[in-house]
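Below you'll find the structure I mean.
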Amino acid sequence: MKLVTCGLPYANGKLHVGHLRTYVPADVYVRYLRLMGEKVVFICGSDCHGTPIVVNAEKEGLKPQELVDKYHEHFKRVFKALNVEFDFFGKTTESYHHERTREFVKKLAENGYIYKKEIELAYCENCNMFLPDRYVEGICPYCKTPARGDECDQGCGRHLEPGEILEPKCKICGNKAVFRKQMHYFFKLTAFQDFLEEYLSNLSGTENALNYARQWIGNLKDWCITRNLDWGVRFPLDESLVLYVWVDAPIGYISFTEKATDDWRKIWLEGKAEIIHFIGLDIAYHHCIFWPAMLKGANYALPSAVIASGMVKIEGKNLSKSRGYVVWVEDEYLKAGFNPDYLRYYLVNYTSHDKDLNFSWDVFREKVNNEIIATFGNFLFRILSFVWKNFGVVSMEVDREILSKIEETKNKIVNAIKKWEFKSASDAVMELASFGNVYFQNSKPWELLKSDKAKTMKVVANCLQIVKALLILSYPIMPKSMEKVAGTIGINLGNCSIDDVLKVDEKIEVKKPDLPFKKIENEEIEPLKKAIQEKFCEKNESEVSIEEFRKMDFRVGKIVSAQKIEGSKKLMKLVVDIGSEKRQIVAGIAESYSPEELIGKLVVVLANLKPAKLMGVESRSMILAVDVEGKPILLTPEREVKPGEKVK
RNA sequence: GCCGAGGUAGCCUAGCUGGUUGGGGCGACAGACUCAUAAUCUGUAGGUCGCGGGUUCAAAUCCCGCCCUCGGCACCA
């Protein structure tokens, strides 16, 4: 028995093509396993807790529960439309999940893996709530640069103990925050060091996930698993607190399994099933480190494989919701009326599962028209309509070579699926269709028909066997379309096993076939391409309006301190006084300037540049310089001016 | 910087536990065919497999160095 899970979508936004890169291959995998006769339980659900949901609900004028319900319904709709069929799709706000989570955490506590510690936390008196780290901003007490939460992320990189940060501000309302002492609870992750090392060396799955996890193994820290929030699963040892989302979310895998099957004890308690997690690479840490430690600590069964999908790019660019490099599944893809199977095929066939996948409308159209339709769909249709017109019923007599070709394809697919190589599996399907086209072409049954009908029937029987095999073998990838075609030759794909591809029926009756697929016309994708292009152009106008220029906050700054960044040739870490504050800036000027000659220098900085991390050190602005043959020369005011003066 | 992934014909991509002429697709060109959604089939052109060294009888494939691109650097879902 196998349990297959997918990373829980966070109920805070709509599904885009990037999400589907995990869910569609998982569904394809499950369908193939079932075709091979495996017993599989397939579950997923909405991840509903956490501060972002509370904050976003407020923004949208909804209660957290309403926001979560809205996206939960959206997820269910989209999965249904794409035929991603979970045995159970749950929700972490449900009581059964809360109960399972509390049970789990109690067990962890009983086993001695939870301890309490008094810490100081920022509290916003205006918002009337304790602030999670990501909603606190202030100044680092060591280097005086702006810092966030528990880390001086722009300056010295030091970890800040609760209460250390100076001038804490609430990021939600901007008001001053205060510190209050409070008891919180920690999960002793450090106790699992040896266990995890051993566990990870045996864990199977895609290399990308395993590699990612291994780099953290020597550097574990205990996790604070409680939060001050009303929204979430109540912490059983202190009902005034709520569990951190990453504690309760993965436990959803257990609670949803309980709802999906009576076998859940066998799976999660007795270790009598393989547990396979499909995830996006971004949550590999939680699934390869945190989650196994929790399971071990609470005496549950351990996952045997973690399958991480690569990233999705849109038109060659990194997916970005704010920049418009995104394709929404419901509002764009489905609304345009495309067959969901096209997207399923694309996601599975574009490249290996753990590599980056580029989604481009042009490539989409080409792949669909050339592969699904011209090669695969056309073979099905040309055979079925040929049979229907000339025979109606065919007595099946199939050549050995044909059967061995089918068997070869079947074996390729079985082997590929076992290794999570979905591209290879779908390539094998296409190859068989192509083989069918060549066979039909070379046999010229349309000519043969004029002289020898009996011989023609033999050719046709061979082709029909290939058709049947294709339907069964591609059913997991394109379930909806294949079911439709299967009706024409009277087979029920739901009852088929993979070995049926080699079974030869006595007779096959063919009804009038319909076109299995509709071609994608250029006009259909033009508007979708344009939508992405336009957003791209907005960001890339070569002419800049005065309004746009005014958005740039250039200011004079005075360099307060400078030091080279260890290990870097060019980078220098500067603290610059820009009047209102002292900023940490990383600049690539170490080859031209020494730290000593920089201190006291006046420079021009772009004060509202989006922060970025360079070599792990955050830079909050940029210093303007002229680049002469690769060497920077700083711009400096011609006379002495006060730091913070605006440059226009 | 550290860790990871990758650099293969105009474009995308397979191969990478070393071994027969580096596969496939798109696009281009030529031809065949008409059962089929101008589909299919056959053929042609196009590659110093990032660069430099090394190991070997033999390297895209193993080792070393370098260059370039992308991603991650965590308790942020």
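The values are calculated or read from the model by the stated rules, or taken from the named source; none is laboratory data. This is a predicted model, so every value here is computed, not measured. Every residue, glycine as well, gets a Cβ built from its backbone with ideal geometry; the counts of neighbours run over all protein chains shown. Note: areas computed on protein heavy atoms with side chains; ligands, DNA, RNA excluded. Shrake-Rupley method; radii C 1.70, N 1.55, O 1.52, S 1.80 Å.
Based only on Cα atoms, what mean projected area does the convex hull of the range A:282-336 have, in nm²? Could you put the intermediate results ahead of the total?
Values: hull surface 23.6 nm².
Over every viewing direction, the Cα hull of the range A:282-336 projects on average to 5.9 nm².
Within the set A:LYS91/A:LYS169; A:LYS116/A:LYS259; A:LYS410/A:LYS458, which residue pairs have Cα atoms separated by over 28 Å? List each step's numbers first, then the result.
On the way: A:LYS91/A:LYS169 34 Å; A:LYS116/A:LYS259 33 Å; A:LYS410/A:LYS458 23 Å.
As for pairs spanning more than 28 Å Cα to Cα, those are A:LYS91/A:LYS169; A:LYS116/A:LYS259.
Taking the range A:286-354, which trypsin sites (Lys or Arg not before Pro) meet the DSSP loop condition and have no more than 13 other C-beta atoms within 10 Å? Working shown, then result.
Working: sites: A:LYS296, A:LYS313, A:LYS317, A:LYS321, A:ARG323, A:LYS335, A:ARG344; in loops: A:LYS321, A:ARG323, A:LYS335.
Here the sparse-neighbourhood loop sites are A:LYS321, A:LYS335.
Using the Cβ atoms and a cut-off under 13 Å, what net charge is assigned to the surroundings of A:GLY557, where Lys and Arg are +1 and Asp and Glu are -1?
Working: positive: A:ARG555, A:LYS558, A:LYS582, A:ARG583, A:LYS601, A:ARG620, A:LYS642, A:LYS646; negative: A:ASP553, A:ASP577, A:GLU581, A:GLU645.
Summing Lys/Arg as +1 and Asp/Glu as -1 gives +4.
Moving on. Only loop residues by DSSP count here, and only those with at most 16 other Cβ atoms within 10 Å; note down the GluC sites (Glu not before Pro) in the range A:46-133 that meet that.
A:GLU60, A:GLU85, A:GLU125
Separate question: Have a look at the DSSP beta bridges in chain A and tell me what percent are antiparallel, nearest 5. List each step's numbers first, then the result.
On the way: 62 of 86 bridges.
Once the DSSP bridges in chain A are tallied, antiparallel ones form about 70 percent.
Long-range amide H contacts for A:ARG583: which residues qualify at under 5 Å (H placed 1.01 Å from N, peptide plane, sequence gap of 5 or more or a different chain)?
Those qualifying (amide H under 5 Å, at least 5 residues apart or on another chain) are A:VAL576, A:ASP577, A:ILE578.
Hey, with R₀ at 60 Å, roughly what FRET efficiency would A:LEU609 and A:LYS39 work out to, going by the Cβ-Cβ distance, to 0.05?
The value I calculate is 0.60.
Another one. For A:LYS511, which lysines qualify as cross-link partners when the Cα separation must be under 16 Å and same-chain residues fewer than eight apart are set aside?
By straight Cα distance, A:LYS511 reaches A:LYS389, A:LYS468, A:LYS484.
Excluding A:ARG102 itself, what net charge comes from residues whose Cβ is under 11 Å from its Cβ, given Lys and Arg +1 and Asp and Glu -1?
Working: positive: A:ARG100, A:LYS106, A:LYS107, A:ARG234; negative: A:GLU99, A:GLU103, A:GLU239, A:ASP248.
Residues near A:ARG102 contribute 0 overall.
Sticking with this one: Counting only protein heavy atoms and a 1.4 Å probe, tell me what percentage of chain A's accessible area is made up of carbon and sulfur.
Working: 14070 of 29820 Å².
Whole-percent figure for carbon plus sulfur exposure: 47.
A further question on this structure: What pairs in A:LYS450/A:LYS518; A:LYS70/A:LYS335; A:LYS355/A:LYS419 have C-alpha atoms more than 26 Å from each other? Working shown, then result.
Values: A:LYS450/A:LYS518 32 Å; A:LYS70/A:LYS335 19 Å; A:LYS355/A:LYS419 14 Å.
Those over the limit are A:LYS450/A:LYS518.
Check which residues have an amide H placed less than 5 Å from A:LEU62's amide H, if you skip close sequence neighbours.
Amide H to amide H, under 5 Å and 5 or more residues apart or across chains, A:LEU62 pairs with nothing.
Quick one: net charge around A:LEU67, please, counting Lys, Arg +1 and Asp, Glu -1 for every other residue with C-beta under 15 Å from its C-beta.
On the way: positive: A:LYS14, A:LYS59, A:LYS63, A:LYS70, A:LYS91; negative: A:ASP47, A:GLU58, A:GLU60, A:GLU66, A:ASP69, A:GLU73, A:ASP230.
With Lys, Arg at +1 and Asp, Glu at -1, the net is -2.
Which of the helices in chain A meet the span-like rule: DSSP H, Cα axial reach of 20 Å or more, Kyte-Doolittle mean at least 0.0? Each step should come with its number before you reach the end.
Values: long enough: A:17-35 (27 Å, 0.17); A:64-81 (26 Å, -1.11); A:95-110 (22 Å, -1.49); A:245-260 (22 Å, 0.45); A:400-418 (27 Å, -0.59); A:422-443 (32 Å, 0.07); A:453-474 (31 Å, 1.02); A:522-538 (24 Å, -1.05).
What comes out of the filter, once short or polar helices are dropped, is A:17-35, A:245-260, A:422-443, A:453-474.
If Rh is defined by the Kirkwood formula over all Cα pairs and Rg also comes from Cα, what ratio Rg/Rh do you get for chain A?
On the way: Rg = 30.0 Å, Rh = 28.5 Å.
Over the Cα atoms of chain A, Rg/Rh equals 1.05.
Another question, then. When all protein chains stay in place, what accessible area (Å², nearest 10, 1.4 Å probe) is found for A:ARG102?
Taking all protein chains as shown, A:ARG102 has close to 60 Å².
Relative contact order for the range A:365-509: what percent, with Cα pairs under 8 Å and sequence separation of 6 or more? Numbers along the way, then the final one.
On the way: 140 pairs, mean separation 49.2, N = 145.
This gives 34 percent for the range A:365-509.
Tell me, what is the per residue accessible area of chain A in Å², probe radius 1.4 Å?
Values: 29820 Å² over 648 residues.
Spelled out: the 1.4 Å probe surface of chain A, per residue, equals 46 Å².
So, one more: Divide by every residue of chain A the summed helix terms, -39500 (n - 2.57) for each DSSP H run of at least 4, and state the resulting mean residue ellipticity at 222 nm, rounded to the nearest 500 deg cm²/dmol. Intermediate values should be presented prior to the final figure.
Values: 20 runs with 245 residues, N = 648.
Mean residue ellipticity, 222 nm, calculated: -12000 deg cm²/dmol.
Need the list of aspartates and glutamates near A:LYS570 for cross-linking: C-alpha distance under 13 angstrom, and skip anything on the same chain fewer than eight residues off.
Candidates past the 8-residue exclusion: A:GLU591.
Moving on to the next point. Would you list, by chain and number, the aspartates and glutamates whose Cα falls below 16 Å from the Cα of A:LYS519, excluding same-chain residues fewer than 8 positions away?
Within reach: A:ASP341, A:ASP362, A:GLU366, A:GLU371.
A further question follows. So, R0 is 51 Å and r is the distance between the beta-carbons of A:PHE195 and A:ASN390; what FRET efficiency does that work out to, to 0.05? Walk me through the numbers before you get to the answer.
Values: r = 67 Å, r/R0 = 1.31.
Efficiency, rounded to the nearest 0.05: 0.15.
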